[in-house]
Amino acid sequence: MALKDITGNFAASGSNQEYKFQPAASTFGLQLVFDTHPSKVVLYQSLGGESWVAFEVDYGVGSIWQKNIEGVLGEQHIKIQCNVKPVKALILE
């Protein structure tokens, strides 16, 4: 497993910030750090990268949001969506 900084990979999408990726493993960890809170974090999954289904929603996130994600299928697409851009975003996969 390797820790990767994805802070600069978030892009504006409407009033949100998003990062889309395909995890290298079925288990990965995420850590997002915000300077504005409460923040909102929503994780989506998709088999083809077009039709997204939310599978994790956290409202009222403080300055740090951290989660281990398990059971992702190979080549499945994941989208991280936040209402504000994280000042630091890390993925461990």
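Taking P23 as the residue in question, decide whether it is surrounded by fewer than 16 Cβ atoms within 10 Å (Cβ to Cβ), at pLDDT below 95, out of contact with any helix residue (DSSP H, G or I) (no Cβ under 7 Å at 6 or more places or on another chain) and not small (G, A, S). No: the conditions fail for P23. The conditions of being open to solvent by 60 Å² or more (accessible area, probe 1.4 Å) and out of contact with any Pro (no Cβ under 8 Å at 6 or more places or on another chain) are met by G8. Within the option set S51, S46, being open to solvent by 40 Å² or more (accessible area, probe 1.4 Å), of a type in the set (S, T, N, Q) and without any contact (Cβ under 8 Å) to a residue 40 or more places away in the chain holds for one residue only, S51. Here G62 clears all of (1) open to solvent by less than 60 Å² (accessible area, probe 1.4 Å); (2) over 25 Å from M1 (Cα atoms); (3) in contact (Cβ under 8 Å) with a residue 40 or more places away in the chain; (4) not aliphatic (A, V, I, L, M) except the condition numbered (3).
If a residue counts only when it is not aliphatic (A, V, I, L, M), which strands (runs of 3 or more DSSP E) contained entirely in region 1-42 have at least 3 such residues?
Hits in region 1-42: 16-21, 28-33.
The values are calculated or read from the model by the stated rules, or taken from the named source; none is laboratory data. Because the structure is predicted, anything quoted here is derived from the model rather than measured. Cβ coordinates were reconstructed from backbone atoms using ideal geometry, including for glycine residues, and neighbour counts include every protein chain displayed. These accessible areas exclude ligands, DNA and RNA; they are computed on the full protein's heavy atoms, side chains included. Shrake-Rupley method; radii C 1.70, N 1.55, O 1.52, S 1.80 Å.
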